[in-house]
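Notes follow the structure.
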Amino acid sequence: MALLEVNGITKRFGGLVAVSDFSVQVNKGEILGLIGPNGAGKTTAFNVISGTYKPDGGKIIFDGKDISGLRPDQICKLGITRTFQIVKPFPQLSVRDNVMVGAFNRTNQRDRAAAKADEVIRFLGMEGVSKATASSLPVAYRKRLELAKALATAPKLILLDEVMAGLRPVETDELISLVRQVREQGISLLLVEHVMRVIMSLADRIVVIHHGEKIAEGTPEEIVQDPAVIDAYLGEVKVNVAG
């Protein structure tokens, strides 16, 4: 059953069409991968879905409601949250306080926000750094903090924008495991990632975007064999689909 339906969205910046007639569907409980070359329109699509940009055309339906053009805070309250490719914590606040900011999406009571933050911090294995300032964290924990802030909003759908970028293999494996656990909680995910090992091991389906347009959609096994995808993105690189 579809949780998110993106129907023919277009986003222009002056004469540049960054996303053109782009459609995608995320089902409840699904992890959908979105891949494509740099500048293909992936993050722009995220920004339109999450309300940072208003679409110049098309419609976005989330959980049966038309959210096209709503503000980011309105969309977040409905159940869509996102992370950022360049991590954006509140640098001088503690990890716990950063996560509490997300929790205030659902409550205006500090004790409830604190309880939610503590729950998320435990889930992500961040108890040891909960009192540390965000600016003091190494990259791996900054990435987890991005996910923690998103989870604290109590989402139905998380848009993950290159959350694995810059991590070492062991750190990547740990975050892959956590993302799977997030899905087990009934949360759907739309995942942008250039680390193909991550996409191939996590995604139920993959959508490929190039020059702002969808060029392919299918299972991981289908996508890595698609000639258009190989030509536009994968090249001659052999991709392991075993996960």
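Here, each number is a calculation from the coordinates, and none is a lab measurement. Keep in mind that this is a model prediction, so the values were computed, not measured. Please note: Cβ atoms are built from the backbone with ideal geometry, for glycine as well, and neighbour counts cover all protein chains shown.
Laid out as a table, the results:
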| read-out | value |
| --- | --- |
| Tensor-based shape of segment 94-167 (alpha-carbon gyration tensor, a/c under 1.5 rounded, otherwise prolate or oblate) | oblate |
| Approximate shape of segment 1-126 as ellipsoid semi-axes (Cα gyration tensor, √5λ), whole Å, largest first | 30, 17, 14 |
| Amide proton proximity set for Asp56, modelled H, under 5 Å, gap of 5+ | Thr10, Lys11, Arg12 |
| Residues Lys28, Lys214, sorted so that the one with the fewest Cβ neighbours within 10 Å comes first | Lys28, Lys214 |
| Mean-position separation - Cα centroids, segment 79-108 and segment 1-73, in angstrom | 22 Å |
| Candidate aspartates and glutamates - alpha carbon under 15 Å from Lys156, same-chain residues fewer than 8 apart omitted | Glu5, Glu30, Asp63, Asp73, Glu184 |
| Top positive-direction residue, dipole computed over segment 1-149 with Cβ charges, set Val19, Ile35, Gln92 | Gln92 |
| For the chain, alpha-carbon Rg and Dmax in angstrom | 17.6, 54 |
| Amide proton proximity set for Gly33, modelled H, under 5 Å, gap of 5+ | Leu191, Asp204, Arg205, Ile206, Val207 |
| Under-5 Å amide H pairs with Glu213, H placed in peptide plane, nonlocal only | Ser20 |
| Relative exposure of Arg183, Arg110, judged by other C-beta atoms within 10 Å (fewest first) | Arg110, Arg183 |
| Point-to-point label distance, Ser177-Lys54, nm (Cα→Cβ direction, 7 Å offset) | 4.6 nm |
| Full-stretch length increase - Lys77, Glu222 - with 0.36 nm per residue and alpha-carbon distance subtracted | 48.6 nm |
| Shape call, segment 111-226: gyration tensor on alpha carbons, a/c limit 1.5 | prolate |
| DSSP-defined antiparallel bridges as percent of all bridges, segment 129-221, nearest 5 | 50 percent |
| Alpha carbon Rg of segment 55-133, scaled by the compact-globule rule 2.2 N^0.38 Å | 1.32 |
| Point-charge dipole on Cβ atoms (K/R +1, D/E -1) for the chain, about Cα centre, debye to 20 | 1000 debye |
